[in-house]
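Nothing in this text is a laboratory measurement; each read-out follows from the coordinates by a stated rule. What you see is a predicted model; the values in this text were computed from it and never measured.
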């Protein structure tokens, strides 16, 4: 039986997300800015949606694209 999303510990979710971040999964326009020191670059939208699916709330668009 699957574990309910609400039962996933924050630390487990964070670890899973961090493991998924790589230059290969980065938004293509942001790849030239991606570094191992800041692996979240280019993953903002997807990460926000994953976290939202577990915790709910609101996802806001800033309208900024800092890496183009």
State the extension gain, in nm to one decimal, for the chain segment bounded by residue 49 and residue 33, taking 0.36 nm per residue of separation less the distance between their alpha-carbons.
3.6 nm
What length, rounded to one decimal in nm, is gained on full extension from residue 17 through to residue 40, with 0.36 nm per residue of separation minus their alpha-carbon distance?
7.4 nm
